[in-house]
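The block underneath contains the structure these notes are about, expressed in structure tokens.
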Amino acid sequence: MKLNRSTDMALRIAMLAAANPRRMTVDELSDQLDLPRNHVAKVVQRLQRLGVLVTIRGRSGGVAFAEDGGRTTVGHVVRAFEGDDEVVSCDEPACSLRAACRLRGELRRARDAFLAVLDDVTLGELVAGPTGPALLALGLPRPRPAPSGGPPGRDVSPSATVPRPPEPHAPPSPVGPSGARPAVPGPV
């Protein structure tokens, strides 16, 4: 089952908020996850209504993981964002096999099994172990090209942010540690 973009964003936002001990702004979430700001704002609102996030307005406001958010299951979030629609639509246009078809029922069973697995995983479990620190590493500043005419003494060319290949190594010296050339075996 493929998740829609909003569901994917919701899970990533919830995980980052869960791993981060401080409040974050919508702009920070957008930058760190490389997602469109307007979409992030809408998803944050929905996650707040679900009780996953807490939003605080004002100068020192932001978005934080709700105290009980860690007990929320991934299945709950996925259902809230995906809805209860069938995997296939047999009505538009009307399928002539609908009365005798077993596919719809089997796909429903597969969807239910998929969601049952996600019901066994909480958001808190998703950020346990190495995932939490990896999520926080997303917040590290990314190199961005400086605008032309940047501060003096700073290279602002686009090549300044591109990693350079390592310097080639010199071939080993034919002279040994004592200064004498090693004996080269000749033909036997």
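Read-outs throughout are calculated quantities, based only on the coordinates presented, and are distinct from any laboratory measurement. Predicted model, so just to flag it, every value in this text is computed and none were measured. Reconstructed Cβ throughout: ideal geometry from the backbone, glycine too, with neighbour counts over all protein chains shown.
Quick notes
- Chain lengthening between ASP85 and ARG37 when straightened (0.36 nm per residue, less Cα-Cα): 14.5 nm
- A Förster distance of 30 Å, applied to the separation of the beta-carbon atoms of ASP120 and ARG57, puts the FRET efficiency at 0.25.
- Gain upon complete extension [ALA137, ALA113; 0.36 nm per residue less C-alpha separation]: 5.3 nm
- You can think of it this way: the chain between CYS95 and ASN4 has 30.3 nm of extra reach, that is 0.36 nm per residue less the Cα-Cα gap.
- Average 1/r across all pairs of distinct alpha carbons in the range 5-137, invert it, and you get the Kirkwood radius: 16.3 Å.
- Our coupling estimate for the range 63-72, obtained by passing each phi through the Karplus curve with A = 6.51, B = -1.76, C = 1.60 and θ = phi - 60°, is 10, 9, 6, 5, 4, 9, x, x, 8, 5 Hz, Gly and Pro reported as x.
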